[in-house]
1. Report, in deg cm²/dmol and to the nearest 500, the calculated mean residue ellipticity at 222 nm for the chain, where each DSSP H run with n ≥ 4 adds -39500 (n - 2.57) and the sum is divided by the residue count.
2. Using a basic spin-label model with each label point 7 Å from the Cα along Cα→Cβ, how many nm lie between Glu53 and Met1?
3. Please compute the net charge surrounding Gly52, taking Lys and Arg as +1 and Asp and Glu as -1 over other residues with Cβ under 12 Å from its Cβ.
4. What GluC sites (Glu not before Pro) in the stretch 56-112 are in a loop by DSSP, with at most 11 other Cβ atoms within 10 Å of the Cβ?
5. For the stretch 40-87, build the convex hull from the C-alpha positions and give me its volume per residue in Å³.
6. Can you bin every Cα-Cα distance in the chain into 5 Å intervals starting at zero and give me the percent of pairs per bin, rounded to whole numbers?
7. Once you compute Rg and the Kirkwood Rh from C-alpha atoms, what is the Rg to Rh ratio for the stretch 1-49?
8. Would you list Arg79, Arg97 from the most to the least accessible area, probe 1.4 Å?
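The values are calculated or read from the model by the stated rules, or taken from the named source; none is laboratory data. What you see is a predicted model; the values in this text were computed from it and never measured. Quick reminder, even Gly has a Cβ in these numbers, built from the backbone with ideal geometry, and neighbours come from all protein chains shown. Only protein heavy atoms, including side chains, enter the accessible area calculation; ligands, DNA and RNA are left aside. Shrake-Rupley method; radii C 1.70, N 1.55, O 1.52, S 1.80 Å.
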Amino acid sequence: MKPNVAVLGASTNPERYSYKAVKMLQQHEYPVFPVHPAKRPIDGVPCFGSLGEIGEKIDTITVYLGPANSTPIIDDILRAHPRRGILNPGAENEELRRGCEEAGIEVMEACT
């Protein structure tokens, strides 16, 4: 079974990379958990308002939020304690990076 992946900043807009990431992960049969406060399903995939609502162990958190939106939820990310965090282009955040590294979470600046 493939590891669980949470997509922070998931979008219902097909033009957004966070939407494309959800679809690509689905196509490759990863269990995907979109996260966005609006909780709008993405093509039938339930969307969670926060990481804490997921209720399952997350292996990878892929971030599509700029620092203004990701900094306030650093504690939520650290509490989820994924094995890995991916900071997609535009989501780079040194405070988040440091927090993850100090918690033993692998951090990558890459595209999902």
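1. Taking each H run of at least 4 residues, the total per residue is -7500 deg cm²/dmol.
2. My value for the distance between the label points is 2.3 nm.
3. Result for the neighbourhood of Gly52: -3.
4. Glu56
5. 91 Å³
6. Each 5 Å bin holds this share of Cα pairs: 2, 13, 26, 28, 20, 9, 2, 0.
7. Reported Rg/Rh, Kirkwood definition of Rh: 0.93.
8. Ranking Arg79, Arg97 by accessible area, largest first, yields Arg79, Arg97.
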